[in-house]
Amino acid sequence: MIFKPWLDEMAMVCGVFMKKQAHILLAATAVFYSGFTFACASCGCSLSSDWESQGLSSGRGLRFDLRYDYLNQNQVRSGTGTVANWPVAGHEQETYTKNDYVTAGIDYSWNDTWGISVQLPYIDRSHGTNGFAYDGTDAGTSHSSSLGDIKVMGRYAGFSADHSVGFQFGLKLPTGSYTENFSGGPIAGNPLDRGLQPGTGTTDAILGVYKFASISQNWDYFSQATAQIPLNSQADYKPGQAINVNLGYRFLGLENITPQIQINARVSAKDSGLNASPDDSGGQTVYLSPGLTFPLTEKIKGYTFIQVPIYQNLNGYQLAPTSTASIGLRAGF
């Protein structure tokens, strides 16, 4: 059986991994957690598509990453459960939000210590709502396809001799539109909710720490914590501060494929401002994300992941996905 070596080592590695490395995540989380009031948006969590494509590598050179993510928010949730009865007075009755993301990433390390990466997202999003009114007079639909907010990140990995511990820093830039309108229904022409716009309109600071290393001959792991902090507001809207914590490991004992599994947790504050919906934003989510990496050529690898929520605690009433799918290509030179 092809996966037998992987399964045979799983129990042993999990025990060693959790005891030896859990303190790294706890320390990283503590750095960013103090001083924030956190909650979470329901639109998915951070997924590290590969150690190297996210800059978690000590190798020099140029790397390209092209990734597609599909996220269908078609389940209304409140707190830790689903909502069966609509409408609820004082809350918008959203029906669906379908998201297609294509993200191009460029990463360059000019030595073993310093590197930079740029992520350019293109977002195709459709949305439907029955509004707040019981008679549907404020129902509407929308569809937008445009560039989202670009992220520019630097990193420093000179804390250890093997360059396995690093610090990330950068900005999310206000390159995405925040002025899209509803295109269908009675409210066609009215501004689309700010939380559904391709961009937030704000410049956000991004700070993070990570560590990756080998556990045994066949197992590697990484841990990562990243905080995103809006530095301003735009047109009476400010997204909530957020933290992502990722924990993952991969099995290297197979010839042609590399199984991976991750836990991706996200916590973010409620949105604020006159054009925000603070009562229906914020919460906490945790995803389990199994995936595979496989070679296509000598320099190009493919990867695929699926994210499944294992814990969701959302403020108010929000649309959430039942799963998220990701596929991508990575090339290194």
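The values are calculated or read from the model by the stated rules, or taken from the named source; none is laboratory data. Worth saying up front: this structure is predicted, and the values here are computed from it rather than measured. Positions of Cβ are generated from backbone atoms using ideal geometry, with glycine treated the same way; all protein chains shown enter the neighbour counts. Note: accessible area is taken over every heavy atom of the protein model, side chains too, but ligands, DNA and RNA are not part of it. Shrake-Rupley method; radii C 1.70, N 1.55, O 1.52, S 1.80 Å.
Put simply, of Asn264, Asn313 the only residue that is at pLDDT 95 or above, open to solvent by less than 50 Å² (accessible area, probe 1.4 Å) and part of a strand (DSSP E or B) is Asn313. In the stretch 226-240, of all residues being over 14 Å from the mean Cα position of the chain (by Cα) and polar (S, T, N, Q), the one that is nearest to Gly170 (Cα to Cα) corresponds to Asn232.
Condition test on Leu252, is it modelled with pLDDT of 95 or more and either of a type in the set (S, T, N, Q) or surrounded by fewer than 19 Cβ atoms within 10 Å (Cβ to Cβ) (or both)? Taking the combined requirement at face value, the residue does not satisfy it.
Would you mind stating whether Ala161 is in a loop (DSSP other than H, G, I, E, B) and closer than 30 Å to Asn313 by Cβ? So Ala161 does not fit the description; no.
Mind checking which residues of the stretch 269-299 are of a type in the set (Val, Ile, Thr) and in a strand (DSSP E or B)?
Correct list: Thr285, Val286, Thr293.
Listed by first and then second residue, the pairs linking a residue in the stretch 185-205 that is on the phi < 0 side of the Ramachandran plot and touching a residue at least 60 places away in the same chain (Cβ under 8 Å) to a residue that is part of a loop (DSSP other than H, G, I, E, B) and hydroxyl-bearing (Ser, Thr, Tyr), with Cβ atoms under 7 Å apart and 6 or more places separating them unless they lie on different chains, are Asp193/Ser277; Arg194/Tyr178; Arg194/Tyr237; Gly195/Ser277; Gly195/Ser281; Pro198/Ser177.
Checking each residue in the stretch 189-210 for being over 26 Å from Gly140 (Cα atoms) and in a strand (DSSP E or B) picks out Asp204, Ala205, Ile206, Leu207, Gly208, Val209, Tyr210. Applying the condition of being within 22 Å of Tyr221 (Cα to Cα) and touching a strand residue (DSSP E or B) at 6+ places or on another chain (Cβ under 7 Å) to the stretch 158-173 and asking which residue is modelled with the lowest pLDDT yields Ser164. Among the residues making up the stretch 132-185, those that are charged (D, E, K, R) and within 30 Å of Ala89 (Cβ to Cβ) are Asp135, Asp138, Glu180. Tell me yes or no: at least one residue of the stretch 290-304 is in contact (Cβ under 8 Å) with a residue 12 or more places away in the chain, more than 27 Å from Leu66 (Cβ to Cβ) and not hydroxyl-bearing (Ser, Thr, Tyr). For the stretch 290-304, residues in contact (Cβ under 8 Å) with a residue 12 or more places away in the chain, more than 27 Å from Leu66 (Cβ to Cβ) and not hydroxyl-bearing (Ser, Thr, Tyr): absent. Has the stretch 254-264 got at least one residue that is farther than 20 Å from Val152 by Cα and without any contact (Cβ under 8 Å) to a residue 12 or more places away in the chain? The answer is yes; a qualifying residue exists. For the stretch 211-218, the criterion of being of a type in the set (Phe, Trp, Tyr), assigned to a strand (DSSP E or B), open to solvent by less than 20 Å² (accessible area, probe 1.4 Å) and touching a residue at least 60 places away in the same chain (Cβ under 8 Å) is met by no residue.
Taking the stretch 316-327 as the range and being open to solvent by less than 50 Å² (accessible area, probe 1.4 Å) and within 18 Å of Leu66 (Cβ to Cβ) as the test, the residues that pass are Thr324, Ala325, Ser326.
Taking the criterion of being more than 17 Å from the chain's Cα centre (by Cα) and under 16 Å from Leu66 (Cβ atoms), the residues of the stretch 83-107 that qualify are Ile106, Asp107. If I filter the stretch 227-261 down to residues being polar (S, T, N, Q) and not in a loop (DSSP other than H, G, I, E, B), which single residue comes out as farthest from Lys301 (Cα to Cα)? Among residues in the stretch 227-261 that are polar (S, T, N, Q) and not in a loop (DSSP other than H, G, I, E, B), the one farthest from Lys301 (Cα to Cα) is Gln228. With respect to the conditions (1) open to solvent by less than 10 Å² (accessible area, probe 1.4 Å); (2) at pLDDT 95 or above, Thr203 falls short on a single one, namely (1).
The rows are residues; the columns are (1) open to solvent by 40 Å² or more (accessible area, probe 1.4 Å); (2) not aliphatic (A, V, I, L, M).
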position: Tyr221; (1), (2): no, yes
position: Gln234; (1), (2): yes, yes
position: Val245; (1), (2): no, no
position: Ser268; (1), (2): no, yes
position: Ser281; (1), (2): no, yes
position: Tyr287; (1), (2): no, yes
